[in-house]
Amino acid sequence: MSNAQLEIQLIASLVAVACAIPGTFLVLRKMAMISDAISHSILPGLVVGFFITQDLNSPLLILLAALTGVITVILVERIQKTGLVKEDTAIGLVFPAMFSIGVIMIAKNANDIHLDVDAVLLGELAFAPFDRLTIGGTDIGPKSLWVIGIILLATVALLIAFFKELKVSTFDPGLSASLGFSPVVIHYGLMTMSSITTVGAFDAVGAILVVALMIAPAACAYLLTTDLKKMLGLAIFFGVFGAISGYWVAHWLDASIAGSIATMLGVVFFLVYLFAPSKGLIAVMYREKRQRIEVSLLTFLLHLKNHSEEEERHVNHLNEHINWQKVKSKTVLDLALKNNMILINNKIVSLTKKGDEFTSQAIDYIITNEDTQIEDMKKHFFLFRG
Amino acid sequence: MKSMDNIKNTNSKDETTASISANEAGAVVMAVKVDDLTVAYNYKPVLWDIDLEIPEGVLMAIVGPNGAGKSTLIKAILGILKPIAGSVSIYGKPYHKQRSHVAYVPQKGSVDWDFPTVALDVVMMGTYGSLGWIKRPGVKEKKAALEALEKVGMLPFKNRQISQLSGGQQQRIFLARALVQDASIYFMDEPFQGVDATTEIAIINILKELRKAGKTVVVVHHDLQTVPEYFDWVTFLNVKKIATGPVKDIFNDDNLTKTYGINYKVSVQK
Ligand SMILES: Nc1ncnc2c1ncn2[C@@H]1O[C@H](COP(=O)(O)OP(=O)(O)OP(=O)(O)O)[C@@H](O)[C@H]1O
Ligand SMILES: [Mg+2]
């Protein structure tokens, strides 16, 4: 691996981490679309900032462009507050307008600005290592690395300082307000940080990848955990994984790095969506199937418990009595046998002691919903996993 | 603000009797004072010119039909909504100076149920107010949260994601969260909504305990039958304030009719 390759991966990974942190809160606040709006509408801010500073990596330019991002959020909220359109419509109204203003500004001043629309959308990650920062003649690394590194440090510091405030205001803005943590202040703080991150990442990875890096890793993490800290950790992991694997895919296919990273993020999300252990599509389908069988099993055990007469408990009659399909009654019988809950003697089914106890306990549980007494049942049955 | 230290608590009588605390001079201490409050959504007023005084140490019901503005009144008192006119004071000072003395249990559905958080964590959030900005909750906060969960009988569910709890269980979690706030005034928006009879009794007992400890409890309540049994004060509200006072004095068919518009006959036991 050459030095440049390493640096590209490092920059992409830092961008991924810096995006995953605000992205997690945007996803939780159902504000994924806002990141799209910010990433496109900072363009005019960038152009104006560039006229003033003449330097694409100047901190002032980053702040100016970030301000455009916050203004976009405010505009969207204003339009939405009129009650005439919904939030997504408001976003759809604002950001194409802002983006086109930026594009026109670039086109009009094409000679002065080394920005083109392709670069805006897809970034120039491949060239990032060539734009270097030197202090007193010594090369201290690519500029983008420093820019995104500083932004990342700020993001992490803010996250650690305001983690509980972010959490409570996202979860319950009413409580947050009544505890003295103004949701408005936290909201605009988050918007400002997202805008700054977007601007910082923009030059390296472009608008599309910024959005992908903010939303996709957080969306994956959301499907995998019920703990906010773990969700942040997982989002960071998926972001970095997408960045590095995307880089190598681009390398092998000789394709755009930003495009490949975005594609990898899409692939990862698809896989997580399918295979996530409890919220994934397959798990949900499997669980529903298990639950159907277990409910049938319970119905069947109850039937046995309630009927002492032999003809009600004859294998052949069970189908008609509880009205099941053949296949299903076989599954249920097998499950009951496997768990030693029933005995079959001369085709007469009867409950074992264990089966009898299980049935009473299960009924108790269903009626009282007492969680504590069924700990050991939980191991065997999805039905009781809450 | 610790006005509870220098007052004589006269609360030792019958549960249903009004028990208001008074200071040394004999004057009643007002926990909450609302003056000429008007609140509007999109310039349409839903609360008109409300004057309301809530004495310290009462267990008060706010009753009124759907859309009467009960939730709105509580939100305005808590500064969640900005009134277009009027003012609110908590123990004589504006709300934002008295935050740590006020706890609030919102009407169901105002939180993000799919948020990645478990019951214990939600209850811990009640301690955030006393921690202030930046400081993180520690062992002490966790202990308080566990105790509150125990009190509402939800300890076995402490590690459940909150959307996986039943409606009544969720309600108890929010009650526990208010309890750890260790406030002087509690506002609860329909804490009995969708809970079973056992839970309802458990909750009302906790509320009565709070009152015994000298706290002021204000509850939005829909079941008129139980008002005399549960509460000692009542406020009738329907866009305007109809009446407020001790249950034994003002909980009568006349006020009920004024509030609900139709002829009400609730027998009020003496
Ligand atoms: N966010 C809002 N925007 C516009 N109007 C609102 C909003 N919230 C409430 N309202 C209106 O304000 C009035 C009072 O609402 P509020 O929620 O205070 O009633 P409530 O007395 O709590 O009713 P309920 O018993 O159904 O909870 C209603 O007419 C309602 O439609
Ligand atoms: Mg209400």
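The values are calculated or read from the model by the stated rules, or taken from the named source; none is laboratory data. This one's a predicted model, so the numbers in the text were calculated from it and none came from an experiment. No Cβ is skipped: glycine too gets one built from the backbone with ideal geometry, and neighbour counts run over all protein chains shown.
Structural remarks
- Checking each residue in the range B:137-161 for being at the interface with chain A (Cβ under 7 Å from one of its Cβ atoms) and among the polar types (S, T, N, Q) picks out only B:Q161.
- Output for the range A:44-85, where each listed residue is among the polar types (S, T, N, Q), away from chain B (no Cβ under 14 Å) and part of a loop (DSSP other than H, G, I, E, B): A:Q54, A:N57, A:S58
- In this entry, A:S100 is excluded by the filter for residues that are under 22 Å from A:A37 (Cα atoms), within 27 Å of the chain's Cα centre (by Cα), away from chain B (no Cβ under 14 Å) and not aliphatic (A, V, I, L, M).
- Members of the range B:137-181 that are surrounded by fewer than 23 Cβ atoms within 10 Å (Cβ to Cβ) and within 19 Å of B:R99 (Cβ to Cβ): B:P137, B:E141, B:A144
- Pairs are defined by a Cβ separation below 7 Å, a sequence spacing of at least 6 or placement on different chains, a first member in the range B:66-83 that is without any contact (Cβ under 8 Å) to a residue 60 or more places away in the chain, and a second member that is within 7 Å of ligand 1 (Cβ to nearest atom) and in a helix (DSSP H, G or I); the pairs so defined are B:L81/B:T72.
- Meets criteria (more than 16 Å from ligand 1 (Cβ to nearest atom) and either under 16 Å from the mean Cα position of the chain (by Cα) or farther than 17 Å from A:F171 by Cβ (or both)) for B:V152: yes
- Some residue of the range A:158-177 being buried (at least 16 other Cβ atoms within 10 Å of the Cβ), among the acidic types (D, E), within 14 Å of chain B (Cβ to nearest Cβ) and part of a helix (DSSP H, G or I): yes
- When B:E190 is tested against (1) in contact (Cβ under 8 Å) with a residue 60 or more places away in the chain; (2) within 21 Å of B:V32 (Cα to Cα); (3) surrounded by fewer than 18 Cβ atoms within 10 Å (Cβ to Cβ); (4) not small (G, A, S), just one condition goes unmet, and that condition is (3).
- Only listed residue being within 16 Å of ligand 1 (Cβ to nearest atom), away from chain A (no Cβ under 14 Å) and crowded, with 22+ Cβ neighbours inside 10 Å, chosen from B:V239, B:V227, B:V220: B:V220
- Picking from residues in the range A:335-382 that are out of contact with any helix residue (DSSP H, G or I) (no Cβ under 7 Å at 6 or more places or on another chain), of a type in the set (A, V, I, L, M) and closer than 30 Å to B:Q169 by Cβ, the one that is modelled with the highest pLDDT is A:I363.
- When A:Y273 is tested against the conditions (1) outside the structural domain of A:G242 (by TED's automatic domain parsing); (2) modelled with pLDDT of 75 or more; (3) not β-branched (V, I, T), the lone failure is (1).
- Matching residues, the range B:60-76, being within 14 Å of chain A (Cβ to nearest Cβ) and either of a type in the set (V, I, T) or more than 7 Å from ligand 1 (Cβ to nearest atom) (or both): B:T72, B:I74, B:K75, B:A76
- Scanning the range B:195-217 for residues that are within 14 Å of another protein chain (Cβ to nearest Cβ) and touching a residue at least 12 places away in the same chain (Cβ under 8 Å), we see that the one that is nearest to ligand 1 (Cβ to nearest atom) is B:V195.
- In the range A:271-319, residue surrounded by the fewest Cβ atoms within 10 Å (Cβ to Cβ) [restricted to those that are closer than 19 Å to A:G355 by Cα and free of Cβ contacts under 8 Å to residues at least 12 places away in the same chain]: A:E309
- Hey, B:I134 within 15 Å of B:I185 (Cβ to Cβ) and either within 7 Å of chain A (Cβ to nearest Cβ) or touching a Phe, Trp or Tyr at 6+ places or on another chain (Cβ under 7 Å) (or both) or not: no
- In the range B:168-192, residue nearest to the chain's Cα centre (by Cα) [restricted to those that are away from chain A (no Cβ under 12 Å), of a type outside the set (D, E) and within 16 Å of ligand 1 (Cβ to nearest atom)]: B:M188
- Enumeration of residues in the range B:77-121 that are more than 16 Å from B:V32 (Cβ to Cβ), within 16 Å of ligand 1 (Cβ to nearest atom) and hydroxyl-bearing (S, T, Y): B:S110
- Residue within the range A:190-200 that is within 14 Å of chain B (Cβ to nearest Cβ) and under 30 Å from B:Q181 (Cβ atoms) present: no
- The range B:49-59: number of residues that are in a strand (DSSP E or B), more than 16 Å from ligand 2 (Cβ to nearest atom) and buried (at least 16 other Cβ atoms within 10 Å of the Cβ): 4
- Among the residues making up the range B:63-87, a single one is closer than 16 Å to B:V218 by Cα, more than 13 Å from ligand 2 (Cβ to nearest atom) and of a type in the set (V, I, T): B:I77.
- The helices (runs of 4 or more DSSP H) located wholly in the range B:126-234 that include 2 or more residues which are in contact with a strand residue (DSSP E or B) (Cβ under 6 Å, 6 or more places away or on another chain) occupy B:167-180, B:197-212.
- The range B:95-118 residues that are under 13 Å from A:L175 (Cβ atoms), paired with ones that are at pLDDT below 90 and of a type in the set (S, T, Y) (beta carbon under 6 Å, 6 or more apart): B:Y104/A:S178
- Of all residues in the range B:103-118 being at the interface with chain A (Cβ under 7 Å from one of its Cβ atoms) and closer than 21 Å to B:K70 by Cα, the one that is surrounded by the fewest Cβ atoms within 10 Å (Cβ to Cβ): B:S110
- Restricting the range A:9-49 to residues that are of a type in the set (A, V, I, L, M) and more than 30 Å from A:L228 (Cα to Cα), the residue that is farthest from the chain's Cα centre (by Cα): A:V48
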